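Below you'll find the structure, written out as structure tokens, and then a few comments.
The values are calculated or read from the model by the stated rules, or taken from the named source; none is laboratory data. All values derive from a computational prediction rather than experimental measurement. Here the Cβ is made from the backbone with ideal geometry for all residues, glycine too, and neighbour counts use every protein chain on show.
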């Protein structure tokens, strides 16, 4: 995967779109050592100060558009594979559905996926040297655990992503669903999911992993399993 590298940029997703408009063909990646106007899910800001990773991998949309949503868990698998060898054996690495990465239940990586008719833009942020402090969840950076070179991390991520993406194209998400579920945060444990943006309405259940569509499955106290295609998840509150 060809990588376009910048010292500072507004947004790697934005630059990837600009490159597409200039005639660049996917697949390629845009990497910036510093991002000044990054975004997370639901329009939330995502900080990328100098030393952290902001990279957007750009690929063609799948022929079957209904499978496009599973590129989020696919990306999480690639990030997981790259980070796993870097952390200590007693540190807990997990995928928080659909594509956040946690170390010891603190967020180290987030992904924003955008798409148009010509491409899918998979923007990944990884806390390498520093972490955001003023956010309503725990965060961590890799420098707290190990020494990491951001440039090499991006190269390794591009390779890991291409591996999973190639398999996904040939065999579908079903081929890697079990692999994803093994790495899932709170698998077979109680979990809750918000059903509204304001997080006023929640459903709780036992996390049964994702199905072949990448939807999160929760089993209620009556044994009924319900699949969710969207929402923010969290550990249940203490009663």
Discussion item. List the residue pairs whose Cβ atoms are under 6 Å apart, where the first residue sits in region 3-21 and is closer than 10 Å to residue 31 by Cα, the second is surrounded by fewer than 18 Cβ atoms within 10 Å (Cβ to Cβ), and the two are 6 or more positions apart or on different chains.
Written reply: 8/34; 11/37; 13/114
Worksheet item: Do we find that residue 71 is buried (at least 17 other Cβ atoms within 10 Å of the Cβ), under 15 Å from the mean Cα position of the chain (by Cα) and not in a strand (DSSP E or B) in this structure?
Response: yes
Worksheet item: Inside region 17-40, can you point out the residues that are at pLDDT below 95, under 17 Å from residue 53 (Cα atoms) and in contact with a helix residue (DSSP H, G or I) (Cβ under 8 Å, 6 or more places away or on another chain)?
Response: 32, 33, 35, 37, 38, 39
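For (1) closer than 22 Å to residue 229 by Cα; (2) modelled with pLDDT under 95; (3) outside the structural domain of residue 19 (by TED's automatic domain parsing); (4) surrounded by fewer than 17 Cβ atoms within 10 Å (Cβ to Cβ), each residue gets a yes or a no:
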position: 116; (1), (2), (3), (4): yes, yes, no, yes
position: 122; (1), (2), (3), (4): yes, no, no, no
position: 129; (1), (2), (3), (4): no, yes, no, yes
position: 135; (1), (2), (3), (4): no, yes, no, yes
position: 159; (1), (2), (3), (4): no, no, no, yes
position: 170; (1), (2), (3), (4): no, yes, no, yes
position: 198; (1), (2), (3), (4): yes, yes, yes, yes
Discussion item. I'd like the full set of residues that are in contact with a strand residue (DSSP E or B) (Cβ under 8 Å, 6 or more places away or on another chain) and at pLDDT below 95, limited to region 3-16.
Written reply: 6, 7, 8, 9, 10, 11, 12, 13
Fill in: Test: residue 90 is assigned to a loop (DSSP other than H, G, I, E, B) and either assigned by TED's automatic domain parsing to the domain that holds residue 16 or in contact with a helix residue (DSSP H, G or I) (Cβ under 9 Å, 6 or more places away or on another chain) (or both)
yes
Worksheet entry | Qualifying residues in region 180-193 (those that are within 15 Å of the chain's Cα centre (by Cα) and over 12 Å from residue 233 (Cβ atoms)) - the one surrounded by the fewest Cβ atoms within 10 Å (Cβ to Cβ) | 183
